[in-house]
Structure formats: C-alpha cells, structure tokens
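The values are calculated or read from the model by the stated rules, or taken from the named source; none is laboratory data. Owing to the predicted nature of the structure, the values given are computational and were not obtained by experimental measurement. Here the Cβ positions follow ideal geometry from the backbone for every residue, glycine too, while neighbour counts run over all protein chains shown.
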Amino acid sequence: MKRKISFITPFIILTLMLFGFILIPEISDANFMDKLKKVGSNLEKDLKKESGKLKKNTKTGLEIGKKGVEKVKGTFADFTPEQEYYIGRAVGASVLENYKPYKNKEVSRYINLLGLTLSQASDMPETFGGYHFMVLDSDHINAFAAPGGLIFVARGLLRCCKNEDAVAAVLAHEIGHVQHKHGLQAIKKSRVTSTLTLLAAIGAAALADQQMSELSAHFGGSISDINDTLNKGYSRSFEREADRAAVTILKKVGYDPAALVDMLEVMDQDMKPGGFGFAKNHPSPKSRIKYVKGRIPPGEASESKPRQTRFQKALGSI
C-alpha cells in the first residue's frame with residue numbers, strides 16, 4: 001500500500017497547532033479535506049480486503065524463514081517503521097472482523113483532525129504510514145491502538161465524552177500506546193525473531209500490495225499475540241505509561257489534562273463490572289484516577305465556547 005497521508009506535512013500540522021487548532025476553525029482547503037476523506041475510505045477498504053484472508057493460511061514466520069532467509073535475534077525495538085506499519089495493518093484488519101466502521105463523514109473528519117494534531121505533540125509525531133483514526137459502530141466503551149498509528153474508538157466511548165477535552169484525552173492516551181510501541185511489545189519474545197525474519201523476507205520484494213494478504217497470513221501468531229493483548233488489556237505499567245504520555249500531549253496542545261481524570265470517572269460510573277470493552281481489558285479506572293491526578297499540575301484550563309460548539313456539532317448525535 002502506498003503511503004496515503006504523505007500530503008499532510010509537518011508544516012501544515014504545525015500551522016494548525018500554532019495558529020488556530022485550539023479553536024479548530026472551519027477548514028477552507030477543500031483539497032485537504034477531500035484527501036483526508038479518501039484516507040479513511042481507502043483505509044477501510046484495504047483493511048476489509050485483508051480481514052477476509054487472515055485465516056486462510058496457518059504458516060508461521062518461522063516456517064517462511066526456513067526457506068533460506070537467515071534468522072537473526074532481535075527485540076521489538078528492531079522492527080523498522082515500515083515493518084511496524086504492516087503489522088499494524090494486519091491487526092487493524094483483525095479489528096474490523098469484529099467491528100463495523102461508523103459511517104459518518106463529519107465524525108470521521110473531526111476525529112482525524114483532532115487526532116492528527118494531538119499526534120504531532122507526541123514523542124512519535126510521524127509513523128511510516130501516518131496516523132489514522134476510525135470510529136467503530138459499537139456501544140462498547142473501548143478503544144484500540146494498533147502498531148504504526150491505527151487508532152480505533154468505539155461510539156460508546158465517545159458518548160462518555162462531555163466535551164472536546166475529553167475526546168482529546170481518549171485519543172492522546174491511545175497515541176501514548178503507539179508512541180511507546182506497546183503493541184509490538186505484546187509479541188512473545190519467542191516469536192519476535194521469526195517475525196523479523198518473515199518481514200525481512202517479504203521486504204526484499206518491496207512489500208507490494210498483492211503480498212499484503214500473505215503477510216497477514218504468514219505471521220498470524222504474532223498478530224494473535226497483539227490481538228490477545230488488545231482483548232485482555234495492557235499491563236498496569238503500560239496503561240500508566242500511556243496516561244503519562246496523554247497528560248504531556250494534552251498540556252502541549254492546550255487541552256486540560258484533568259479531562260483524562262474526568263473521563264475515567266465517567267467510565268467508572270458507566271461501566272458494568274465484568275462487562276465488555278473497557279471493563280474487560282483495562283485496569284480499574286479508580287486505580288488510574290489517583291495515579292493521573294498526581295501528575296496533573298495545579299490550575300484550571302479556561303472553557304472554550306468554540307470548542308464546545310464544534311464538539312456538539314460533530315458528536316452531539318453520536
């Protein structure tokens with residue numbers, strides 16, 4: 001797959017951040033928005049195409065490696081940005097086997113513009129394929145971050161958001177998982193070498209589009225490791241790491257870091273113990289609330305009427 005988001009240069013994003021994204025005015029660049037819409041549309045088509053092929057082949061990366069590619073020992077840190085991107089696409093295809101995208105252009109535009117701006121304030125502002133944000137048509141209170149910058153947010157979680165700062169807190173937390181490569185770290189150590197071997201083998205052929213189905217099939221074990229972690233949840237230490245990153249990102253862009261605490265409190269009230277989504281695969285919100293509060297500097301962020309108007313317009317009926 002070609003890089004779909006190369007047109008979003010750091011200059012454009014930085015300009016949005018410094019000269020108005022805190023207020024996110026109406027975007028007048030029609031070409032920019034047309035391209036942004038195509039990104040979401042093409043991504044959905046690509047992932048759906050791949051998701052139907054995930055289960056057709058059970059060969060592992062190790063089996064492929066035995067065909068002549070020299071194996072090397074490695075860790076998650078040895079994955080290149082390009083390799084991380086293709087792993088993330090396979091994980092994304094798997095997510096769409098269980099969830100349907102939410103079909104609403106205004107919501108998609110809003111979430112992507114907000115998410116892209118937040119990502120530029122992270123320690124990993126660029127990925128090989130760029131950051132992409134998709135809303136899932138599900139009542140579950142949940143969100144997923146696949147390696148390489150694919151981030152999925154369920155409609156049920158967005159309903160918990162009372163303002164734009166809350167939405168920003170959700171996205172910033174998921175960006176934190178991408179920034180710290182928590183998805184790649186979910187791959188079992190015993191499988192990392194074989195996965196790197198497979199990716200090196202396919203990479204030699206420049207990873208053409210037609211090879212994507214083979215990629216997602218041949219190292220199913222590694223993808224399963226990541227999917228299992230997304231379903232069961234990251235460790236407490238990983239969640240805290242993502243929370244720390246979220247607080248930093250929110251402060252840099254100008255949002256209230258306390259919104260993360262507000263979101264956790266709302267989810268704590270709305271969640272059913274032992275239920276699906278966040279309740280199933282995240283540590284108790286109470287345990288995170290105390291931790292996050294200890295990392296938020298004193299002071300209150302001023303409320304923004306334009307933000308709230310924009311938020312209501314985009315997500316008021318979600």
Between a first residue in region 245-260 that is in contact (Cβ under 8 Å) with a residue 24 or more places away in the chain and a second residue that is among the hydroxyl-bearing types (Ser, Thr, Tyr), which pairs have beta carbons less than 6 Å apart while being 6 or more apart in sequence or on different chains?
Ile249/Ser122
Quick one: which residue in Lys280, Lys286 is more than 15 Å from Asp165 (Cα to Cα), more than 21 Å from the chain's Cα centre (by Cα) and either modelled with pLDDT of 80 or more or assigned to a helix (DSSP H, G or I) (or both)?
Lys286
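Tell me which residues, restricted to region 136-147, are over 17 Å from Gln269 (Cα atoms) and either modelled with pLDDT of 95 or more or in contact with a strand residue (DSSP E or B) (Cβ under 9 Å, 6 or more places away or on another chain) (or both).
Leu136, Asp137, Ser138, Ala143, Phe144, Ala145, Ala146
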Only listed residue being more than 16 Å from the chain's Cα centre (by Cα) and in contact (Cβ under 8 Å) with a residue 24 or more places away in the chain, chosen from Arg155, Arg159
Arg159
Can you tell me which residues in region 123-149 are in contact with a Phe, Trp or Tyr (Cβ under 7 Å, 6 or more places away or on another chain) and in a loop (DSSP other than H, G, I, E, B)?
Thr127, Phe128, Gly129, Asp137, Ser138, His140, Ile141, Asn142, Gly148, Gly149
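So that you can scan it fast, the table gives a plain yes or no per residue for (1) hydroxyl-bearing (Ser, Thr, Tyr); (2) out of contact with any Ser or Thr (no Cβ under 8 Å at 6 or more places or on another chain); (3) in a helix (DSSP H, G or I):
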| position | (1), (2), (3) |
| --- | --- |
| Ser94 | yes, no, yes |
| Ile111 | no, yes, yes |
| Thr117 | yes, yes, yes |
| Ile151 | no, yes, no |
| Cys161 | no, yes, no |
| Ile175 | no, no, yes |
Restricting the search to region 141-161, which residues are in contact with an Asp or Glu (Cβ under 7 Å, 6 or more places away or on another chain) and at negative phi?
Ile141, Ala143, Ala145, Pro147, Ile151, Arg155, Gly156, Cys160
Could you look through region 211-258, keep only residues that are modelled with pLDDT of 90 or more and touching an Asp or Glu at 6+ places or on another chain (Cβ under 6 Å), and pick out the one that is farthest from Ser122 (Cα to Cα)?
Asp256
